[in-house]
Structures are given as structure tokens and as C-alpha cells.
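Below is the structure I would like to discuss, written out as C-alpha cells.
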């Protein structure tokens, strides 16, 4: 007979408020195998834990049931408590009488009855708990960072600076991401490129970092400490070893396409480096637009290349590497304006998105940093900035606030006043949100010092009126109709998750929310983790945020990775599948359902009557098994069981519930 | 191709030319239109409240008649009728509670089987603008026409789903197929004042004025419309502005798209 | 005008919500409705203010405003509303609250001008009388 | 006939996967959403751990209903587990119906870790459906 101790937590009034603890304790005392019952105001406190330890020793308890909050909350804490009292940590069982009882049932009688039932179930299971032992598993101490924007760059540098190896994968031909497209950054107005490009160079030169540009994650397998990732290195058609980055080819290529980096304001060639400070500063051929690849004739770049670096035969390469942890930093897309015909975007050349306007501000942009109208090349005297385009719009856009637009619009208004003397900015807003250090002051500067007129009201429609644009809205505060004839309209476009975020999430076995942003493990306490151990998030791929927040999150992710790598090995999860040799028929149904390839065939020698026979049976690789238990149900003879969740334990729980 | 056809009250009187040209052009294009029996006024307006159940009976009865005629599609011309029928049909299809209430009053149950289409839609989807362009006998080359959509064809977009509500193109593509030059102007989907012109003429006048001037400034020689009420407002207030001397250049004819079509088909 | 707890809690707001099927609390006062309204210039209470008044229980003020008889139900506003509020339905509900009272009719056949009588299409007349009279 | 005043309270056994549905149940708690107290949750790592035998056993022992809840298909923490669950339990459901047990008594639902409200709603609706059916008498052990 087992000697089971039951400890009932009040959790202050959280449990004691709806559950009659004394009644529960009395009932627990009558349960099979229970030799000791105690209660405590806060079991997770030091005093509460000490009580458990003392009771284990004093009453020679060999199984422990704690009736308290969800095991997802404190199971690890209490396992350690039990372990420090000399018991195997898996002798512990938790009855969830808070989240799944006291908090959801207002009726005290019903709550008490359910708590008793939950404890009886836990006692029944605990009686069958067996000692489980984790094994040490070696880990691959190399990290993979997906995405080469500021989030990925920061995470990679921070991990590499702790001395561990990092592979950084970027889809585009260059590092840099969105931040490289920006001109100045709020609220300090320091130049984006000036603070970003040194970091890009650091990445390229860091001895611990391997940089893979023009590459994408193809396949992810494995688990914390031992991921196996296949990376597709897209055929760049330019040999990076040979290419000197001289740029001869860029000038001669006859095929032109809209430049993604310049937001389509100018054209690039089919062979291109996205921007002058690109890292690596070597081109790639965009095969979809290359004349040779589309028509079979041209090869101009090859002819002009002095280094013989052009390689039309190059093919995509798939390379597989092992990693111990992964940081996802894939960034965002700007919101597409297809559903916003009222703003005349695409109908009139002087209606721009905020990112296009950003390129006009940028000294390396299409206008050399002058704000000029795309239509006639003149400096606009009046500019209307429309905020929340695609944000806070559950009818046509994103229901959420994109967080950065209020601040970058204030920045645009300030920069307009600096770059075009005598100009005037009108900012149409729904609410101005400036939570952040020095942000409110920055916004104040826009309207106090730089003369921007803030108008509370969403613009309803932009009417092209000849060369000018008529912006029609209301000032909600005064109730006055607003009709402004302006030279330029800038739309503060919302921030979307990457269009293919869901596909990547599937590969990584992490989840996305309804807007396709990656889901963190806990919105407050684990904002950098995903639900999948060993995979972390950084930057806007998790939700809209500005640069400082992105950098902070990236560094946090790096520390999480470094913490894993600080050990040589990890303790495995001991709740793994186990094969009972004499029952296994060797038909291997289990192998077919295992998602981790953890089950393999093993040939065993057995005595049958007088002779020795060999036959095959299933074998579980405990390092690969993640403990889902799918195999246990697939097994016809019932030879596979899942430790910690055995058939016997679960049936005992069923029986206890139905008593 | 066969269709049930619902004319509506205005098309039998004030807008007779709209019906005549629609029927003649349809015939020329091989479309077979059968006017449904015993139709009544559609009610002119889709009820914008949760209480008026009886406003649905007339359009649903017409839809039942269309179903009885054996055709899958009910063709409409007047933008008002189109708006009422399309929205009613959608509501009956999707709102179980409303469907139950309506059917409590009707002899036959109707669950939204008929598809409501506008003639423009038929020209685009069933005839095809490319095919239409081939059938044009007299190309409208050089004619600068301003399409005027108004509201009822397009809004509310979630229910009408005919075209992009802010930048529609169906009218433009239609006129291009006939060889005309399409005049683009930003007021083509702005409201003409609708029924306000019956009671608050000043307000309607102001609304129409902007549309007229914008189209004129962008080089329009005539308006092309699909709604008798739009035509009335555009014509009447143009006359007034002209008479008052405020916009003396304004003398833009307002024609139904079917009239233009008949002309191009040399009917 | 004065906002009081009585007004904010008034049954009239609930009646408007019920008749219109719209939630007035959904509006966050961006003003996109008013900015695009083709007849807003002659309104005394702008469309976004209609929602604001309704949120605050100023329904009496709404029942006496000119706006109810100016809205053409063109649905430009609700086609752009980021909060999915069908404003013409809210205005329709208010109009019905007026029309359902004795003497609430806004338009009488005798009011029609000679021009309207002679030239207006049936579609316009039917629409006008359905909106402006009971 | 005696007048029964007491409302029948069914006993429902719910198998919830650790990563989604159990987390969803916790979230319902954290959000203080109250729901029917008839449900007893058994935590399993994945819905694919649920052996049809467990369900039959619950009915044998007197459960009035059994619910299996897992991650949404495609979102399984173990990649593919709930696809197996779906297939296995579809077969079981047919068998259970064949045995004459009302289909509402055995339900499979997909509830994610962020769907606390859905968890509460499902518990209420399942409890209500089974309450209307009355006690389950099929398959019960003679005791």
C-alpha cells in the first residue's frame, strides 16, 4: 500500500472562497492510500513547501498530491520540492482545483464536490505513479536566426558575442530589412542607416556568424537542443567568392523592374544589389525578370563581368544543419491598399505610402533626399498625412493598432518642415498614441515647433483635382467640414504579418494568432518564447513594435538561447513511450504514427520453448520521443505505454471520476 | 441565354426608352428576356431597419415569379430595383430568422434560389465585353463619355458585390468595348442626392453640382447612367444651374447605357 | 445640451439600437462618415455626431435635428466605416421614431413642386414618401 | 409517478490535451468564465493519447458523456497527433452510435490554448445536451 499525502492549497481566497477546504480535507482523508492531509494558505510559498518536505519525512510519504493551481503553473516548482525531500519528482501529482474548479464555479457546494472528485482522481493516479528518470542529451550549441532585419541582426550578434555559433538566414540578397529602408528614426532623428549599417558589417565579419543571404528555411525537424534544419540557398547566379562587387553588371543589364527596396519609386535591373550599403555588397540575378532566363538571349552581365563571377548554371542548393535553438525574426509586410480606393492611391502619383515617403526623405533614395512630387518633381508645399490606413479598421483592414504610425507620421511632419521651407503638414488622426520614452515630447515638437496641423478625423476621400489633391474629411472636435487642396498625400499604412507567416509557422510547429503574427508562450511572462521549446521570437513577426522594442526583444531572445547553450546537455523529458517486449508483435503500427521517427525496429533473440528464435520488435529512442502517446493507441497488442500517462494510470483516473 | 426580366414602375413610364433600348439590344445580342408575371413595385428602397417585414414581400413575390418562370437569373435594369432585389435575395439566403418570417406569409417558400443580375453584369459576364466589342457596328470613336455609377449599383459593397466600391471599372470597360473614350473623374460614385430632390431640392442641387462640374472639367461630353433617378437629378439640376447662369457651359446630355449600346449596335 | 446619467441610461438609446440593429457603442469617432457624406454641409448634426449623441443618450436632440431629413441613405459612410456601423440604419431608426408619432410626417403630396410632379420618376417619389412619411 | 424535483446532473469525463485544450481550460479559469461543474478533466499530453478503450471504460463506469478535446487540426503540438485522433474517434463514434448510445454523449472538439471562452461555451453546451438526454444506461457495468 502506498503512503499518500494530500496538500490542499487555499491560494488565499482564490480557492478557499468557493471551495470548502475543511470538507475537502475530511473527504481526502478517507481516500484509498491517503495517510496524511494538510492544508495551507499558500502552498507555493516557502513555508508551504517546507511543510510538504517535513510531512514527507515525518509520515514517510511516498506519493504526494497537491491540490492547488494548474500544473502548468507550478508543477516544476513542486517536483523540485518533492525531490529535495528525497522522493522521485514524478511521484507528485497535482489536482487543478483553481483554474479548473474554484475560478469557474461560483456555487460553493458544486465547487467543493468537484474539488473532492479532482483530488480523488489525482490520488488514484498518484498511487500508480512510478519513478521516472530524465536522461542527459547532448545539444548542438549553434543557433539559427531566421530573418536579417534589425531583430535578426541584433539576436545574431548577441548570441555570437556570448561565444556560440550562429547561422543567419536572410531571404533577400542583402541584410538590412525594413530598417535599412528608413531615413531617420524617432524620437531622436538619428539616421537609420548610420546606426544599422555598422551592425550589418559586424554580422558579416563576426567569426561566429555564418551569413546566408538569398536563402530560406525549407524544413525544420527535431526539438530543443537538436533541431535539424534544411536551408534552401537560392541560386544567386553570381559566385560570391569571385564577385568583387564592382557593379559593372548593374549598369549594363538591360532588364528593368520596379525596385522593392525603393518601394517601386524607381527601377532596378534584373541583376541587382538592393541598395548601396548592401551586405554582402554583391548582386544577385532575379531570374523572373532576367532577359537571359526569360528569353534565352542576353548574357550581357557575363560579358562585362571582369571577375567571371556570373554563373547561369547555378542551382538552388539544399543544405542541412543541426541547431540547438532557433530565433524567428521575419519582420512584416506593409498593408496592401487594394481596398482603399477612396484614397486614390495608384490613381494619382502624388498619393504615397509612408514607406514610399520614407524613401523620398532618404539621401540615398530616388530623389537624393529631397521631397519631390513624383508627378512633376516639384517640392510639395502642403502635405496631408492620413493615419490609420488599414489599421483599427475591422471592416477593410487590420482591427489592431499598428503602433508605429503615430510616431513616424510625427517624424515625417517634422522632416517635411525641415526639408521644405514654408511647407505645411496636415495630420489626420483618430487618436495620437505616443506611449514611449520621449515620444510625447517628439509629437509635441511636430505641432508646436514644426507647424504641423493635427486634425482629429479620418479622411473620407481624396479627390484628384488636376495637379492637386482635394482631401475631404471633418474635424471631429469642431464639427467643421475639412476640404484641403494639397500637393501630396501620405498614407500611414498599417503593419501586416508576413504573407507567408503561416507557412513558416507550420514548418516550425509554432502557432500564429488570427492576424498571422507568431504567438508567444505567455503574453506577459514569456513574450519571447513560443509554445515550442527552443524556438524564440524577435521583432514585428510577433506583433507590431518599434525599433527599440524590437532590439530589446531580440537581445532577450539571444539570452534565452545563450541560457540553453550554457549547458553541455539537456535533461530529457522522461515521460516517453516504452515497449513491453513480450507483448510486442513487431507489426510496427507504432512506427507509422510517430511524428519524430523515434521508433525503430530492433531484432531480439528470445527463447521459445526449447529453441532460441530471433524476431523484430519496436524500440523507442528516448532522445527523440517527445511523449505524445500516439503510438500507444496505434499498438494493437497494447505493448507500448507512455510513462507518466500509462493506460493503467488513465484508467484509474476514469474509475476515480466515475466512482 | 435566358433570363427572367423585372422592369419596375419607372421603366414602363418615365424611363420607357431605357426599357426599349435594353430589350432591343438584348435581342440583338441573343439574350432572351421574359418579363415576369404580375409584378408589383419593388418598394424602391431596401428597408434599413430590423422591424419592417412587409417591405420584403413585394420583392420576394417577384423572385418567386421569376423562379416559377423557370429561369435561374432575374435581370434588372433600374439601379433601385437591382439594389432592392439583390439585397433582399441575399438577406433571404443568409438570415434564417428573416426567411422564416417572410415564408410564414407567403404561399410558396422562397429560400433565395434565383440569382439577381444587372444588365451591365450580364454584358460583362455572360456576353463578355470582348464579344460585345466584336458585335459593335458603329464604333463610338471619339465620344467622350463620363460613366456615372451613383450609389445603388455598388453600395453597400458587402451586399451588392458588383464591383470595387471606390474604383469600379465595369462601366468603363463597357464603354471601352463600344469604342468610346472614357472620362475619368473622381465624383463618379458620389451620390446625386437621390430622393432628396423630391423634398429638399437645394441639397440635391449642391450634390449634383459637384458631379457635373468635375465631369465637365475632365472633358466629358455626356453622362452615361443606369438609374432613372440619377438621370432625373443630373438633368434637372443641370438645367437649373444653366438657367441660373452659374454654370453656363453645362449642357451635358444624360443617357442610359442601353441607349449608347443601341447606338453602337446600330439599332 | 447636457449629458446626464439619466440620459446615458435612457431606454431611447436601446430602442434606437433595436430598431437599427446597430451597436452605437462600436463607434470610435473617427469622422470618416461625416467627411465623405455628400450632403453633410446642410446637416445640423453630422453623421459622426449622430453616433456620439446616441452614445451619450442625447436622443431627444437627435429626434429634433434636421439631419434625419437630409440623409439620402447613399451608404457612402457605412461603406467606409472602420467599425462596421451602418449609420444610415441608425438615422433610419431615429426617423422612424419620429414618423411613428402622430403628425410626424415630413413630406405631404401637396408639398411637391410643379417640376417634381411633372418630371420626377416614380422611383424617386416612392422612395421619398417611404422615407419621409408613414 | 413520483415527482422528481432534483435536476439531473450528468457526469462528464473530458480528455484534454496538455497544449491546447487543457491550456484553454486554464485560460477559462484565469478569465473567470463560469461553466457547468459537471465536467472532470483528465490531462493527456495529446489527444492522440486517448485510447478508445478509455472512453468505453468511462461509459462502463457510469459516465453520462465523454468529451475529447485537442488542438485544432493542423495546429497539433506534436505535428500530426490530432489527425490520428480525428480518424480514430470518427470510427469510435460510429461504433458508439451502433451500440445505441446517443451521439451527443460522445463528442470531439478542437479548442486552442487561447480559446478560454470557447472552452467554457463548449462545456456548457455539452453539459446541457447531455442533461436533456438524461442518465446513460447503455454499456454500464452491473454494480
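As a footprinting exposure proxy, order A:339, B:109, D:64 by other Cβ within 10 Å, with the fewest listed first.
B:109, A:339, D:64
Measure out, as a whole number of angstrom, how far apart the alpha-carbon centroids of the stretch D:1-80 and the stretch A:399-473 sit.
53 Å
Dividing the Cα radius of gyration by the Kirkwood radius, what Rg/Rh value follows for the stretch A:235-309?
Radius of gyration relative to Kirkwood radius: 0.93.
Averaged across the residues of C:67-73, what count of C-beta atoms belonging to other chains lies within 10 Å of each residue's C-beta?
Mean partner-chain Cβ count within 10 Å for C:67-73: 5.
Kindly identify the stretch D:37-126 as rounded, prolate or oblate by the Cα gyration tensor criterion: order the square roots of the eigenvalues as a ≥ b ≥ c, call it rounded if a/c is under 1.5, otherwise compare a/b with b/c, prolate if a/b is larger, else oblate.
Since a/c reaches 1.5 but b/c is at least a/b, the shape of the stretch D:37-126 is classed as oblate.
Springs between alpha-carbon atoms under 10 Å, Gaussian network over chain B: tell me which of B:28, B:207, B:158 tops the mean-square fluctuations.
B:158
Could you list A:337, C:68, A:571 so that the one with the fewest beta carbons within 10 Å of its beta carbon is first and the one with the most is last?
On the way: A:337 19, C:68 25, A:571 11.
Least crowded to most crowded, the residues run A:571, A:337, C:68.
Using only alpha carbon pairs under 8 Å that are at least six residues apart, calculate the relative contact order of chain A and give it in whole percent. Spell out each step's value before the answer.
Details: 1434 pairs, mean separation 82.9, N = 659.
In percent, rounded to a whole number, it is 13.
In what sequence do A:74, D:72 fall when counting other Cβ within 10 Å, fewest first?
If I rank by nearby Cβ atoms, fewest first, I get D:72, A:74.
Shape verdict for chain B, please, from the Cα gyration tensor: rounded (a/c under 1.5), prolate (a/b greater than b/c) or oblate.
Oblate is the answer for chain B, as a/c is 1.5 or above yet b/c matches or exceeds a/b.
I would also like to ask the following. Just to be sure I understand: with springs between alpha-carbon atoms less than 10 Å apart, which residue in D:119, D:83, D:15 has the highest mean-square fluctuation in the Gaussian network model of chain D?
Highest fluctuation among the options: D:83.
What relative contact order, as a whole-number percentage, does chain B give when Cα pairs under 8 Å and 6 or more residues apart are counted?
19 percent
Over the whole of A:630-640, what's the average partner chain Cβ count within 10 Å per residue? Rounded to a whole number, please. Numbers along the way, then the final one.
Numbers: counts 15, 3, 4, 13, 4, 1, 0, 0, 2, 0, 0.
Across A:630-640, the average partner-chain Cβ count within 10 Å equals 4.
Can you say what percent of the DSSP beta bridges in the protein assembly as shown, counting only those with both residues inside, are antiparallel? Round to 5. If you can, show how the numbers build up before the last one.
Values: 57 of 142 bridges.
Counting only bridges with both partners in the protein assembly as shown, antiparallel ones make up about 40 percent.
Ranked highest first by the average count of other Cβ atoms within 10 Å around their residues, in what order do A:528-539, C:89-100, B:209-220 fall?
The densest-packed peptide leads the list: A:528-539, C:89-100, B:209-220.
Here's a follow-up. So what's the gap between the Cα centers of the stretch A:158-191 and the stretch A:332-368, to the nearest angstrom?
23 Å
Take the alpha carbon gyration tensor of the stretch A:321-392, find the square roots of its eigenvalues, order them as a ≥ b ≥ c, and report rounded if a/c is under 1.5; if not, report prolate when a/b exceeds b/c, else oblate.
Working: a/c = 3.19, a/b = 1.68, b/c = 1.89.
Oblate shape, in that a/c is at least 1.5 and b/c is the bigger or equal ratio.
OK, next. What are the extents of the Cα atoms of the stretch C:5-101 along their three principal axes, listed from largest to smallest and rounded to whole Å?
32, 26, 20
To the nearest 10 degrees, how steeply does helix B:201-217 sit against the main Cα axis of chain B, on a 0 to 90 scale?
Roughly 60 degrees between the two axes.
How far, in degrees from 0 to 90, does helix A:647-657 lean away from the longest principal axis of the Cα atoms of chain A, to the nearest 10?
80 degrees
Quantify how strongly other chains surround peptide C:23-32 by giving the mean number of their Cβ atoms within 10 Å of each of its Cβ atoms.
Mean partner-chain Cβ count within 10 Å for C:23-32: 6.
How high is the relative contact order of chain C, in percent, counting Cα pairs under 8 Å that sit 6 or more residues apart?
Values: 144 pairs, mean separation 33.8, N = 134.
Once divided by the residue count of chain C, the mean separation gives 25 percent.
Moving on. Tell me, what are the semi-axes, in whole angstrom and largest first, of the equivalent ellipsoid of the stretch A:577-643 as set by the roots of 5 times the Cα gyration tensor eigenvalues?
22, 11, 9
Treating the angle as unsigned and between 0 and 90°, give the value, to the nearest 10°, between the Cα long axis of helix D:52-61 and the longest Cα principal axis of chain D.
Taking the Cα atoms of chain D, the angle to D:52-61 is about 30 degrees.
Where does the stretch B:2-121 land on the Kirkwood hydrodynamic radius, alpha-carbon pairs, in angstrom?
Result for the stretch B:2-121, one decimal place: 14.5 Å.
Now for a separate question. What whole-number distance in Å separates the alpha-carbon centres of the stretch A:600-659 and the stretch A:552-597?
Value for the Cα centre distance between the two parts: 17 Å.
I want to verify the translational diffusion coefficient of the stretch B:129-264 in µm²/s; compute it with Stokes-Einstein, Rh as the Kirkwood radius over Cα pairs, at 37 °C and 0.692 mPa s. Walk me through the numbers on the way to the answer.
Working: Rh = 15.3 Å.
D, rounded to a whole number, is 215 µm²/s.
Every number in this text was worked out from the coordinates using simple rules, so none of it is lab data. This is a predicted model, so every value here is computed, not measured. Backbone-built Cβ (ideal geometry, glycine too); neighbour counts: all protein chains shown.
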